[in-house]
Amino acid sequence: MQSRLPDLIITDFNMPEMDGAEFVSRCRRELSDPEVPIIVITAYDDRDFRYRALEAGATDFLLSPIDHREFRTRTNNLLTIGRQRRIIRQRASLLERELDEALRRQAEVLRRGEMKLRRLIDSVPALIVTSNGAGRCLMANSFRNLLASGPDVTSGTIEGVLGTAYWQRHAPLDRRVLETGQTLPAFEEEMTDSFGRTRSFMTTKTPLFSDGGRIDAVVTVSVDIGDPKESENRFLQHANYDPVCGLPNRLIALDRLSQAMVLARHGGTEIAVLHIDLGGLKNAYEAVGHALGDRILLGAAKRISDHAGAADTVARLSGAAFLVILPGQGGDGALDGRIASIIDDLGHPFILDGTEFHVATSLGVSLFPKDGSSPEELVQQAQVAMQRAKTEGRGPRFFAPEMSGNTYVRTEMERLLSKALERDELHLLYQPIADIGTGRIDGMEALLRWKSHEFGPLLPEFFLPVAEETGLIVPIGLWVLKTACQQAAAWRKSLGRTIGITINLSHRQFLDADFPRQVADALAAADLSPEALELEMTERLLMGNARQVHAVLGQLRGMGVRLAIDDFGTDYASIMCLTRFPFNRLKIDRAFISEATESVGGGALVAAMLDVAKGLNLQTVGEGVETPAQLEFLRNHGCQSFQGFLLGRPAEAGDCEMRLRSRPETIAPSMDGSEFSPSSD
Ligand code: C2E
Ligand code: MG
Ligand code: MG
């Protein structure tokens, strides 16, 4: 065994001299490869033996007498696994070698990178100087040569390299940076160039951290802003600072962020980037005019700035959007606290000449280094998170990769979706809902599709998130409402009976106080009775603006419209939550239905959901029923209605009408093929 490694060992348990357990443990000791599979053959009632063999390192068991088919399958499986393991191991060692090589190459790149960096630093039109606590000059870029030279360039001290006047100005500032570890605000100073002209510089100082996180040097950057008397100076100020709030603009913010990133990389610290959007400010401007509107903006800027320390940056990006950069701040409880207090502060009304104005704060956060490696990216991700906060409710949101997707496709999709309505690219498919007892189709759910000229046919999961975030869902949702009501009216006319119509609602539609009136209008325009319309929404809706949602739902119910909870069980609404709202039906999500017949737990869960619904006097619909067994399960547990491919896939209105005409009371096999097959296109 030591000279030739076996592929597989099969042993009996009962043997003379030593038993199977001892044999296995001896093998394990002797074999050079710990993964050689060992099968032990035991009699049926030898449970104790099996445990012992397992402890000794057996891989699998066979019961004697041996079933030869089973024997072949098991051994084949183990041998295949063994082969694959060997291949994987080979690959791993290959990768290891490649990694070594890559590391070596990287070191070389780094060395060359440093040289390049040095050249780059020398080419910057600014004086860059690094000094340590003892006043030694660790580095000065070649811009230094353009200045009147100090008395002793070779001394290696700042005083020697840049002169006594310079050193007297800078020594106390350097000390401050070394003591506090904070970046100093930019200040102006004058220096004489090698032609004897006085020039103005905008100078900043930042600490430089060693690998251990200690501050061991100060980086001083002095940007040449020319002759102090020139008006250019003021221009610079103007171009970089927002005139209303006096805050840095986007450009400066990106620059500060990139400086902070350099330090954070050195010190191994994090940075939090907050994107804050103030909703409702546009209305305020319209209501009170520009001068007063600016005062609200200024007030908001001040409240935000109150939360920023010396090392932090608050900038105004555009319109009502602010950026806050918090170096040294990671995603922890302290950050949560700071964010909460900013939101809280902005939540108080602004009082102008006795009138109160409210702004709606949406706040998104990205973290360095987790969420991005460039300043632009971090700001973008914070904005994406802010958008999410805006669409989903008022709480702050931290960036998560699944929020962004491919940004190019995203922007294209936004652009095209905004045209989809006028280009007539949206349409509705209908999926039947039937009574479980009789099999009779008594309703149709309208499901939105976008036949985009550029992207091709799209399912809602791809474009609905974009529609939600951009707010396009509001006009689109209205179109769905009207179109579905018209379709229901058309079916009533041609079939002579009313088919209930179900539409899906987005949360955004509920934020519009006008929504109940739009529903009433759509019903009136189609001459449809309110009971024929069912509105579906997901549990998530009940989490946010409970009061407003409650009011809108109450109004709709008052009109006689039916309300249903969609995808029940997939989100976090508590059952208690449901009792507070006036729903008629609960639709149990497809995920649960497919589990119902797969496992005992799944079955118990669906049965319990059906029980709870019954207790709350809610009707139930099983979603996504695909097999007769699932249907049978639902029937046996008292579910009233069902929907799913077993009954019918979403289909064009014309096909649905034919279906309703020909066999309205049968559970038909599902319509053939995909809904995007050429015939249905
Ligand atoms: P939903 O309301 O839960 O719709 C049911 C989804 O499950 C539909 O996907 C349907 O095609 C699919 N489905 C139905 N039966 C089966 C089945 O037996 N097996 C499987 N595997 N799937 C089944 P669809 O059409 O892609 O819609 C996805 C979601 O998009 C909908 O979920 C709904 O929440 C939303 N949606 C669709 N149309 C609209 C709309 O007009 N407005 C809004 N706000 N949301 C919509
Ligand atoms: Mg639905
Ligand atoms: Mg659903």
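The values are calculated or read from the model by the stated rules, or taken from the named source; none is laboratory data. Computed from a predicted model, the values in this text were never measured in an experiment. Methodologically, a virtual Cβ is constructed for each residue, glycine included, from the backbone with ideal geometry; neighbour enumeration extends over all protein chains shown. Protein only, heavy atoms only, side chains kept; ligands, DNA and RNA dropped before computing areas. Shrake-Rupley method; radii C 1.70, N 1.55, O 1.52, S 1.80 Å.
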_For a quick check of your reading of the model, give me the residue pairs whose first member lies in region 626-651 and is over 19 Å from D566 (Cα atoms) and within 16 Å of ligand 2 (Cβ to nearest atom), whose second is of a type in the set (A, V, I, L, M, F, W, C) and at pLDDT below 95, with beta-carbon atoms closer than 6 Å and at least 6 apart or on different chains._
A651/M671
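On the given criteria, is N249 free of Cβ contacts under 8 Å to residues at least 40 places away in the same chain and on the phi < 0 side of the Ramachandran plot?
On the way: free of Cβ contacts under 8 Å to residues at least 40 places away in the same chain: no; on the phi < 0 side of the Ramachandran plot: yes.
When the stated conditions are applied, N249 does not pass them.
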_Show the residue pairs meeting these rules: Cβ distance below 8 Å; 6+ apart or different chains; first residue within region 557-571 and touching a residue at least 60 places away in the same chain (Cβ under 8 Å); second residue of a type in the set (S, T, N, Q) and within 11 Å of ligand 2 (Cβ to nearest atom)._
A564/T502; D566/N504; D566/T538
*asked:* Looking at G82, G113, G133 in this structure, which one is in contact with a Pro (Cβ under 8 Å, 6 or more places away or on another chain) and surrounded by 10 or more Cβ atoms within 10 Å (Cβ to Cβ)?
replied: G82
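Quick check: anything in region 93-114 under 21 Å from V218 (Cα atoms) and part of a helix (DSSP H, G or I)? Outline the logic, then answer.
So in region 93-114, the residues under 21 Å from V218 (Cα atoms) come out as 114.
Checking which are part of a helix (DSSP H, G or I) leaves us with 114.
Within region 93-114 (the criterion being under 21 Å from V218 (Cα atoms) and part of a helix (DSSP H, G or I)), the answer is yes, since at least one residue qualifies.
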*Being modelled with pLDDT of 95 or more, away from ligand 1 (no atom under 13 Å from the Cβ) and over 27 Å from G602 (Cβ atoms), is that true of even one residue in region 534-550?*
no
_Checking R492 against (1) over 20 Å from M537 (Cβ atoms); (2) within 12 Å of ligand 1 (Cβ to nearest atom); (3) open to solvent by 40 Å² or more (accessible area, probe 1.4 Å), the condition it does not meet_ = (2)
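Looking at region 438-478, which of its residues are of a type in the set (S, T, N, Q) and over 24 Å from the mean Cα position of the chain (by Cα)? Show your work before the answer.
So the first thing to find is which residues in region 438-478 are of a type in the set (S, T, N, Q), and the list is 438, 452, 470.
Within region 438-478, T438, S452 qualify.
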*Leading residue by the ranking (nearest to E469 (Cα to Cα)) among those in region 501-515 that are open to solvent by 20 Å² or more (accessible area, probe 1.4 Å) and not in a loop (DSSP other than H, G, I, E, B)*: R508
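Of everything in region 336-346, what is over 19 Å from the mean Cα position of the chain (by Cα) and of a type outside the set (V, I, T)? Give them in sequence order. Before the answer, list the steps.
As a first pass, look at region 336-346 and keep what is over 19 Å from the mean Cα position of the chain (by Cα): 337-338, 340-346.
Of everything in region 336-346, those that are over 19 Å from the mean Cα position of the chain (by Cα) and of a type outside the set (V, I, T) turn out to be G337, R338, A340, S341, D344, D345, L346.
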*Scan (1) exposed (fewer than 11 other Cβ atoms within 10 Å of the Cβ); (2) closer than 21 Å to F71 by Cβ; (3) touching a residue at least 12 places away in the same chain (Cβ under 8 Å) for the single condition L5 breaks and write down its number.*
(2)
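If we only count strands (runs of 3 or more DSSP E) wholly inside region 280-374, which ones have 2 or more residues that are surrounded by 19 or more Cβ atoms within 10 Å (Cβ to Cβ)? Give the derivation first.
Values: elements: 313-318, 321-327, 350-352, 355-357, 360-368.
Because the criterion is at least 2 residues that are surrounded by 19 or more Cβ atoms within 10 Å (Cβ to Cβ), the strands (runs of 3 or more DSSP E) in region 280-374 that meet it are 313-318, 321-327, 360-368.
Residue by residue, here is whether (1) within 16 Å of ligand 3 (Cβ to nearest atom); (2) of a type in the set (G, A, S); (3) surrounded by fewer than 21 Cβ atoms within 10 Å (Cβ to Cβ); (4) assigned to a helix (DSSP H, G or I) holds:
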| position | (1), (2), (3), (4) |
| --- | --- |
| W450 | no, no, no, no |
| E461 | yes, no, yes, yes |
| R517 | no, no, yes, yes |
| A520 | no, yes, yes, yes |
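Residue by residue through region 631-644, note down the ones that are buried (at least 16 other Cβ atoms within 10 Å of the Cβ) and over 15 Å from A604 (Cβ atoms).
Residues of region 631-644 that are buried (at least 16 other Cβ atoms within 10 Å of the Cβ), as a first pass: 631, 633-634, 637, 639-644.
Answer for region 631-644, where residues must be buried (at least 16 other Cβ atoms within 10 Å of the Cβ) and over 15 Å from A604 (Cβ atoms): L631, Q640, S641, F642, Q643, G644.
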*Please identify the pairs in which a residue from region 445-463 that is among the polar types (S, T, N, Q) and at pLDDT below 90 has its Cβ atom under 7 Å from the Cβ atom of a residue that is part of a helix (DSSP H, G or I) and more than 10 Å from ligand 1 (Cβ to nearest atom), counting only partners at least 6 apart or on another chain.*
S452/L416; S452/A420
_Subset of region 464-478 (residues that are over 21 Å from A520 (Cα atoms), touching a residue at least 24 places away in the same chain (Cβ under 8 Å) and surrounded by fewer than 19 Cβ atoms within 10 Å (Cβ to Cβ))_ = T470, G471
*K587 versus (1) more than 16 Å from ligand 3 (Cβ to nearest atom); (2) buried (at least 22 other Cβ atoms within 10 Å of the Cβ); (3) among the charged types (D, E, K, R): which is the lone unmet condition?*
(1)
*Mind checking whether some residue in region 414-424 is in a strand (DSSP E or B), touching a residue at least 24 places away in the same chain (Cβ under 8 Å) and open to solvent by 60 Å² or more (accessible area, probe 1.4 Å)?*
no
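Looking only at region 13-48, how many residues end up being charged (D, E, K, R), surrounded by 13 or more Cβ atoms within 10 Å (Cβ to Cβ) and not in a loop (DSSP other than H, G, I, E, B)?
Going through region 13-48, the residues charged (D, E, K, R) turn out to be 17, 19, 22, 26, 28-30, 33, 35, 45-48.
From what is left, the residues that are surrounded by 13 or more Cβ atoms within 10 Å (Cβ to Cβ) are 19, 22, 26, 28, 46.
Those left that are additionally not in a loop (DSSP other than H, G, I, E, B): 22, 26, 28.
Number satisfying all stated conditions: 3.
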_Would you confirm whether or not region 606-618 contains a residue that is more than 16 Å from ligand 3 (Cβ to nearest atom) and within 11 Å of I593 (Cα to Cα)?_
yes
*asked:* Of the residues L481, L429, only one is open to solvent by less than 30 Å² (accessible area, probe 1.4 Å), within 16 Å of ligand 3 (Cβ to nearest atom) and more than 23 Å from the chain's Cα centre (by Cα); which?
replied: L429
*Look at region 437-478 and say how many of its residues are over 29 Å from G622 (Cβ atoms) and either within 7 Å of ligand 1 (Cβ to nearest atom) or hydrophobic (A, V, I, L, M, F, W, C) (or both).*
5
*Would you check if there is a residue in region 55-77 being out of contact with any His (no Cβ under 7 Å at 6 or more places or on another chain), touching a residue at least 60 places away in the same chain (Cβ under 8 Å) and surrounded by 10 or more Cβ atoms within 10 Å (Cβ to Cβ)?*
yes
*Report yes if some residue within region 594-617 is within 16 Å of ligand 2 (Cβ to nearest atom) and either open to solvent by 20 Å² or more (accessible area, probe 1.4 Å) or under 31 Å from the mean Cα position of the chain (by Cα) (or both); otherwise report no.*
no
*Identify all residues within region 354-368 that are in contact with a Gly (Cβ under 9 Å, 6 or more places away or on another chain) and polar (S, T, N, Q); write none if there are none.*
T361, S362, S366
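With the requirement that a residue be of a type in the set (G, A, S) and under 48 Å from the mean Cα position of the chain (by Cα), what does region 22-63 give you? Can you show your working first?
Taking region 22-63 as the starting set, the residues that turn out to be of a type in the set (G, A, S) are 25, 32, 43, 53, 56-58.
Answer for region 22-63, where residues must be of a type in the set (G, A, S) and under 48 Å from the mean Cα position of the chain (by Cα): S32, A56, G57, A58.
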